[in-house]
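Note sheet for the following structure.
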Ligand SMILES: Nc1ncnc2c1ncn2[C@@H]1O[C@H](COP(=O)(O)OP(=O)(O)OP(=O)(O)O)[C@@H](O)[C@H]1O
Ligand SMILES: [Mg+2]
């Protein structure tokens with residue numbers, strides 16, 4: 001009979017790491033969140049070969065003291081919470097104390113850090129299973145270099161996609177993080193090229209225009225609503241910005257990039273009738289609420305969350321989204337119009353048509369329900385007049401500057417880099 005035994009620590013670490021780190025984008029998320037928690041105002045994210053070969057994250061945050069460097073790599077070691085109750089008063093993105101040990105167990109990781117009060121910086125890395133701490137010249141803040149991700153977990157390596165796909169996921173995550181933190185200047189360097197550089201001036205709109213292109217400004221609808229549970233604000237995109245997948249739906253909860261069913265269904269419900277077939281809205285939705293009302297400890301990756309009052313949140317969000325869409329006349333209104341059947345031009349029928357300026361959503365919902373089964377080609381067009389996808393005007397392409405893989409490199413905020421980000425993200 002097989003006997004029960006305790007797994008060696010190293011195996012247990014690798015199993016735990018598998019839940020936190022799935023791919024290069026998870027490393028980017030964990031490291032950038034650590035930098036944000038450390039009050040950084042500038043974060044540089046750099047990847048080589050889609051992040052499989054190298055990921056480097058440099059920040060100008062508070063740093064880690066020399067005598068705490070080793071502690072930071074112990075499982076369940078965190079400076080962010082002290083007891084279980086703290087989980088419901090979270091103002092930090094990290095709290096599990098397992099990201100650094102997880103990453104260190106499945107990659108070759110080196111961390112350099114210097115708090116402002118320390119004259120020298122120190123680096124920490126593993127040699128033959130032991131941590132080594134050495135003095136090093138390093139700027140104020142922390143830099144983490146993760147090389148050869150999953151080099152010792154070949155099964156995991158096999159599940160990674162091509163470098164191009166992993167790069168796209170990294171850029172998608174970096175973009176979401178930048179949108180969630182407009183007060184942080186993010187620089188992203190992929191394969192030696194600067195691809196994104198956000199201003200970090202605290203203005204969400206400026207960050208959006210940098211990521212998506214200045215030409216989308218007229219397609220954005222700003223909203224900001226307060227409810228008993230907190231506040232929701234952000235920008236909704238007109239139907240012209242709709243996408244064939246959900247990559248344009250960015251949800252942020254208390255600064256955390258999240259994927260959440262309640263927010264998603266409220267958003268998509270609000271757009272019902274405005275988008276054609278399998279199209280999904282573009283939106284950045286930032287929710288601020290009392291941390292007591294949300295559980296962030298649903299999954300080790302901390303991307304899923306659970307709200308205490310889901311129904312209330314759902315209906316309040318729909319109300320917020322719909323009133324924003326209505327203000328900009330993006331919701332349909334009903335009017336009567338004559339339509340001549342193509343087959344018989346003499347027979348004119350009077351039919352209710354949907355135009356764009358509703359009086360009330362309730363009325364529009366009713367009309368949509370009634371008309372959906374009998375859509376004709378004409379009414380189909382009227383249902384989704386703004387889904388005609390116009391080609392986005394291409395931003396001017398200027399000569400690209402090659403940047404060395406050096407964390408101190410001044411990545412130029414070139415339009416070409418941004419254009420490339422956009423292309424990479426499509
Ligand atoms: N960039 C950084 N700047 C300053 N301190 C850092 C940085 N990264 C990590 N730390 C310190 O190391 C500790 C461990 O980091 P780690 O990411 O493993 O855990 P955590 O962030 O507390 O929780 P989680 O596992 O949920 O991310 C942090 O609590 C923090 O004190
Ligand atoms: Mg962390």
> Looking at region 60-72, is at least one residue within 13 Å of ligand 2 (Cβ to nearest atom), closer than 14 Å to residue 104 by Cα and surrounded by fewer than 24 Cβ atoms within 10 Å (Cβ to Cβ)?
Replying inline: yes
> Just checking, which of 97, 63 is at pLDDT below 95 and at positive phi?
Replying inline: 97
> Out of region 37-59, which residues are surrounded by 24 or more Cβ atoms within 10 Å (Cβ to Cβ) and assigned to a helix (DSSP H, G or I)?
Replying inline: 50, 51
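Residue-by-condition table, conditions (1) more than 20 Å from residue 211 (Cα to Cα); (2) surrounded by fewer than 21 Cβ atoms within 10 Å (Cβ to Cβ):
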| site | (1), (2) |
| --- | --- |
| 247 | no, yes |
| 251 | no, no |
| 262 | yes, yes |
| 266 | yes, no |
| 272 | yes, yes |
| 278 | yes, yes |
| 285 | no, no |
| 290 | yes, yes |
| 294 | yes, no |
> Across region 78-129, what is the number of residues that are within 16 Å of ligand 2 (Cβ to nearest atom) and touching a residue at least 24 places away in the same chain (Cβ under 8 Å)?
Replying inline: 23
>> Give me the residue from region 59-74 that is closer than 23 Å to residue 12 by Cα and in contact with a helix residue (DSSP H, G or I) (Cβ under 8 Å, 6 or more places away or on another chain) and, out of that set, nearest to ligand 1 (Cβ to nearest atom).
In response: 72
>> Quick check on this structure: which one of 309, 304 is touching a helix residue (DSSP H, G or I) at 6+ places or on another chain (Cβ under 8 Å), within 18 Å of residue 252 (Cα to Cα), at pLDDT 55 or above and outside the structural domain of residue 25 (by TED's automatic domain parsing)?
In response: 309
>> I'm trying to understand the selection: among the residues of region 195-240, which are out of contact with any strand residue (DSSP E or B) (no Cβ under 8 Å at 6 or more places or on another chain) and buried (at least 20 other Cβ atoms within 10 Å of the Cβ)?
In response: 207, 212, 239
> Does region 15-30 contain any residue that is surrounded by fewer than 16 Cβ atoms within 10 Å (Cβ to Cβ), in a helix (DSSP H, G or I), assigned by TED's automatic domain parsing to the domain that holds residue 171 and more than 9 Å from ligand 1 (Cβ to nearest atom)?
Replying inline: yes
>> Show me the strands (runs of 3 or more DSSP E) entirely contained within region 75-192 in which 1 or more residues are farther than 28 Å from residue 286 by Cβ and more than 11 Å from ligand 1 (Cβ to nearest atom).
In response: 108-114, 121-127, 130-136, 141-147
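The values are calculated or read from the model by the stated rules, or taken from the named source; none is laboratory data. Owing to the predicted nature of the structure, the values given are computational and were not obtained by experimental measurement. Virtual Cβ from ideal backbone geometry, glycine too; neighbours counted across all protein chains shown.
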